[in-house]
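Accompanying notes for the structure given below.
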Amino acid sequence: MQINLLGARVDVVDLAGAVERIAGFVQSGIPHQVVTLNPEILYRAQREPALLSLINGADLVTADGVGVVWAAKVAGTPLPERVTGIDLMLALVARAAAEGWRVFLLGASPGVAEEAARRLQEKHPGLLVAGTMHGYFPPAGEPEVVEMIRTARPHLLFVGLGAPKQEQFIARYKQALGVSAAMGVGGSFDVIAG
Ligand code: UDP
């Protein structure tokens, strides 16, 4: 089920439901984009039609922020709970370790994604890390980054470039990346790396 919030479609899912939906994406083998929608982006999308259509073109949109959950309640279409980028990432990483899915971490300052991956593997010894790459490459370097990810063949791609840059990157290269589930995670790698 979905609701419409200020023109943006938001899926009525809790954290466990979002993980199940994404497990389905991985099984499909077809590229999917997941957006955790925060109030800043929803607000910005009111003035940026391209951003609004990006959100509405995503395969799963969760409410990332109490403001979004609150607005849905006021609109008479309540959402079960807030599903943030970091919570969803951590739940997916646990599932990935159990299922044997490969994960790729793209974003943050040099060294941070590697350290985040190391810490995640410490917590989940079976976790398969397909690769990591920092997020400070010029626009001209994008095709090379896309190729690196494509050849690493991850099942899950976490992109921490900040919103909405990360969502735009995923949308632009969704097919070229060929990743079953790609999502933006903001500053999550910094948090995980500690
Ligand atoms: N970042 C990046 N490349 C850029 C700009 C930002 O990799 O060109 C990273 C930055 O190092 C940080 C994350 O993107 O790890 C943004 O974190 P923030 O919490 O600001 O994300 P937001 O909550 O705004 O989505």
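Any read-out appearing in this document is the output of simple, stated calculations on the displayed coordinates, not a laboratory observation. Note that this is a predicted model, so its numbers are computed, not measured. All Cβ positions, glycine included, derive from the backbone under ideal geometry; neighbour counts span all protein chains shown.
Points 7 angstrom from Cα along the Cβ direction at Ala16 and Lys165: gap in nanometres?
Taking the simple label geometry, Ala16 and Lys165 are separated by 3.7 nm.
Can you pull the three principal axis extents for the Cα set of the chain, in Å, largest first?
43, 36, 33
Starting from the Cα of Glu99, step 7 Å toward the Cβ, then list every residue of the stretch 147-173 with an amide N under 15 Å from that point.
Those under the cut-off are 154-158.
So if R0 is 25 Å, what FRET efficiency would Gln46 and Gln121 give, r being the distance between their Cβ atoms, rounded to the nearest 0.05?
0.05
What is the diffusion coefficient of the stretch 95-191 in µm²/s, taking the Kirkwood radius over Cα pairs and the Stokes-Einstein relation at 4 °C with a viscosity of 1.567 mPa s?
98 µm²/s
By how many nm would the segment from Leu128 to Thr151 grow when fully extended, if each residue of separation counts as 0.36 nm and the alpha-carbon distance is taken off?
In short, 6.8 nm is gained.
Given an 8 Å cut-off on Cα distances and at least 6 residues of separation, report the relative contact order of the chain as a percent.
Reported as a whole number, the value is 25 percent.
Expressed as a whole percent, how much of the Cα-Cα distance distribution for the stretch 95-138 exceeds 14 Å?
That fraction is 46 percent.
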